[in-house]
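Each reported figure results from applying straightforward, stated rules to the coordinates on display, with no laboratory input. Quick caveat: nothing in here was measured; it's all calculated off a predicted structure. Cβ: placed from backbone, ideal geometry, glycine included. Neighbour counts: every protein chain shown.
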């Protein structure tokens, strides 16, 4: 069974919305890091930044966008002529997408959760906590790599290099 042209257009719209959510959310997370680096005031301002990041990442935008990309990518591969490995660029997209989802789930997410927990307990004093600082820098630098990889998949989707195998 293959999707009709109209069904494929709807799938493309949903896929593009998911990509926009995932990429936009990931870029937003990187921008929130600059609020931490720029210094925060007393009280719970740092925890507010961390909670906002956690909300964008886990509940509102990034996770849903990544899941949407995965599901719509599966539907594209199964129900259209694109397939899973018909073109090298699609295979590369699959590898990068799966890697980004797994790395985000098992590394970026836990680092972010640790930051939320520490700043909830200590407020802006978390910026003096070695575990917080470690998680903050790991999340920032590997988050940048994650954003670059997500943008890379967008570019290869448009330019479709490495044509047919």
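Here residue 58 clears all of (1) within 29 Å of residue 4 (Cβ to Cβ); (2) in contact (Cβ under 8 Å) with a residue 40 or more places away in the chain except the condition numbered (1). Restricting the first member to the stretch 143-162 and to residues that are at positive phi and in contact (Cβ under 8 Å) with a residue 40 or more places away in the chain, and the second to residues that are surrounded by 13 or more Cβ atoms within 10 Å (Cβ to Cβ) and outside any loop (DSSP other than H, G, I, E, B), the beta-carbon pairs closer than 8 Å and six or more apart or on different chains are 160/87; 160/89; 162/87; 162/88; 162/89; 162/92. Of all residue pairs spaced 6 or more apart or on separate chains, those with beta-carbon atoms under 6 Å, a first member in the stretch 1-19 that is touching a residue at least 12 places away in the same chain (Cβ under 8 Å) and a second member that is outside any helix (DSSP H, G or I) are 3/80; 8/80.
Taking the stretch 118-131 as the range and being without any contact (Cβ under 8 Å) to a residue 40 or more places away in the chain and surrounded by fewer than 22 Cβ atoms within 10 Å (Cβ to Cβ) as the test, the residues that pass are 121, 122, 125, 128, 129, 130, 131. Of all residues in the stretch 48-69, those satisfying the criterion of being buried (at least 17 other Cβ atoms within 10 Å of the Cβ) and more than 14 Å from residue 111 (Cα to Cα) are 49, 56, 61, 62, 63, 65, 66, 68, 69. Checking each residue of the stretch 83-96 against the condition of being out of contact with any helix residue (DSSP H, G or I) (no Cβ under 8 Å at 6 or more places or on another chain) and closer than 30 Å to residue 118 by Cβ gives no match. Residue 12 falls short on exactly one of the conditions (1) surrounded by fewer than 15 Cβ atoms within 10 Å (Cβ to Cβ); (2) over 19 Å from residue 157 (Cα atoms), and that condition is (2). Report whether or not residue 15 is within 21 Å of the chain's Cα centre (by Cα), within 28 Å of residue 136 (Cβ to Cβ) and not in a loop (DSSP other than H, G, I, E, B). When the stated conditions are applied, residue 15 does not pass them.
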